[in-house]
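Read through the structure below, which is laid out as structure tokens, and then see the notes.
Computed from the coordinates by the stated procedures, all read-outs in this text should not be read as laboratory data. All figures in this text were calculated on a predicted structure; none of them were measured in a lab. Here the Cβ is made from the backbone with ideal geometry for all residues, glycine too, and neighbour counts use every protein chain on show.
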Amino acid sequence: MRRLAVHLFFWLWAVAAAPALAGAPAALTPLGEARVSAVIDGDTVVLEDGRQVRLVGIQAPKLPLGRPNFKPWPLAEAAKAALSRLVAGKPVRLLKGETVEDRHGRVLAHLERREDGLWVEGEMLRLGLARVYTFADNRRAAAEMLAIEAEARAARRGLWADPYYAVRDAATIGRHLDGFEIIEARIQSMAKVKGRIYLNFGDDWRRDFTVKIERRSVKLFDRASLDPAQWAGKRIRVRGWVTWQNGPMIEATHPEQITLLD
């Protein structure tokens, strides 16, 4: 309870300290309107008609939600409370990114509060109670979201003040397997194998951190005029789920997972 009280304090401080946001980016197109009847967690709501909506482009700290032996992530209750304050019981506009339904049957949408046009994903990022979390088939408005996240991170709002969500380095990322992480590090070398690109961050590819880009994903980088094969020596910020494949690895399925820092 004490930890929750501390997290809620930081959330309230963030609400008071940060300037308000404008509406959603114009690239998002209308999907209809509805009223929010319930908030499940910091990135999922239920509409009055029973549909469940997963907010596109962000990941809030996770609650157990019935999963056995799952420990809530820090600030999960604060994120749910923030989203409840923003939309619970209120009419919203649903906005389309790209894919509009996930494998669980949930609607995938951005939300805009009807009363004042507030972009809900942007507001959760601004408060530091969510991170940008895009997919290859749902990347629209990523640039705007990344900019808002960067400002909240620089101001150390919400989760950005908690070590659990710290930006990692390549040397220690092996301690954080099976988590969604953000890493900043310099690429030591590049290898191309059967169309795949491997960005290596150490001397031993069997042990050190690597970013893998599958051949099908390389095409998305090409369309964005990005050539990861030329990035050796560059410092990047990469986000994704860390798995173990000859050392800790993140698979980058789309360009928005990677930010060039040099």
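May I ask which of Lys212/Lys234; Lys192/Lys234; Lys71/Lys212; Lys62/Lys219 have a Cα-Cα span longer than 23 Å here? Correct reply: Lys71/Lys212; Lys62/Lys219.
Please state the shape class of region 67-119: rounded when a/c is under 1.5, otherwise prolate if a/b exceeds b/c and oblate if not, all from the C-alpha gyration tensor. Oblate, since a/c reaches 1.5 and b/c is not below a/b.
Think of each Lys and Arg Cβ as +1 and each Asp and Glu Cβ as -1; about the Cα centre, that makes the dipole of the chain roughly 440 debye.
Charges were assigned to the Cβ only: +1 to each Lys and Arg, -1 to each Asp and Glu. The resulting dipole of region 37-78 about its Cα centre is roughly 240 debye. When the chain is treated as a GNM with alpha-carbon contacts under 10 Å, the residue of Ala82, Ala224, Ala161 showing the greatest mean-square fluctuation is Ala224.
Note on region 102-146: semi-axes of the ellipsoid equivalent to its C-alpha gyration tensor, largest first and rounded to whole Å, are 19, 15, 10. In straight-distance terms, cross-link reach from Lys194 covers every one of the aspartates and glutamates whose alpha-carbon lies under 18 Å from its own, apart from those fewer than eight places away in the same chain; here that gives Glu214, Asp222, Asp227, Glu251. Taking other C-beta atoms within 10 Å as the exposure proxy, Trp241, Trp73, Trp205 rank Trp241, Trp205, Trp73 from fewest upward.
Of all the options Leu75, Leu31, Leu55, the one that moves most in a Gaussian network model of the chain with Cα springs shorter than 10 angstrom is Leu31.
Evaluate the Debye formula for the chain with equal point scatterers sitting on the alpha carbons, no solvent, and hand back log10 of I(q)/I(0) at q = 0.09, 0.17 Å⁻¹, in q order, two decimals. One equal scatterer on each Cα of the chain leads to -0.42, -1.35. Report note on the peptides 108-121, 169-182: ranked by the mean count of other C-beta atoms within 10 Å, highest first, their order is 108-121, 169-182. Can you pull a Stokes-Einstein diffusion coefficient for region 125-262 at 25 °C (0.890 mPa s), Rh from Kirkwood over Cα pairs, as a whole number of µm²/s? In µm²/s, the coefficient rounds to 161. Could you work out how far the C-alpha centroid of region 222-240 sits from that of region 144-170, in angstrom? Spelled out, the Cα-based centre of one part sits 21 Å from the other.
Here Glu184, Glu144 are placed in order of increasing Cβ neighbour count within 10 Å, fewest first, which gives Glu184, Glu144. Label positions at Lys192 and Lys234, each projected 7 Å from the Cα along the C-beta direction, are separated by 1.5 nm. For the chain, averaging the sequence separation of C-alpha pairs within contact (under 8 Å, six or more residues apart) and dividing by the residue count gives a relative contact order of 16 percent. Specify the angular offset, from 0 to 90 degrees and rounded to the nearest 10, of the alpha carbon long axis of helix 142-154 from the longest principal axis of the alpha carbons in the chain. Orientation of helix 142-154: about 90 degrees from the principal axis. Here the relative contact order of region 167-260, from alpha carbon pairs under 8 Å that lie six or more residues apart, stands at 33 percent. Helical content of the chain, expressed as a calculated mean residue ellipticity at 222 nm, amounts to -6500 deg cm²/dmol (DSSP H runs of 4 or more residues, -39,500 (n - 2.57) each, divided by residue number, nearest 500).
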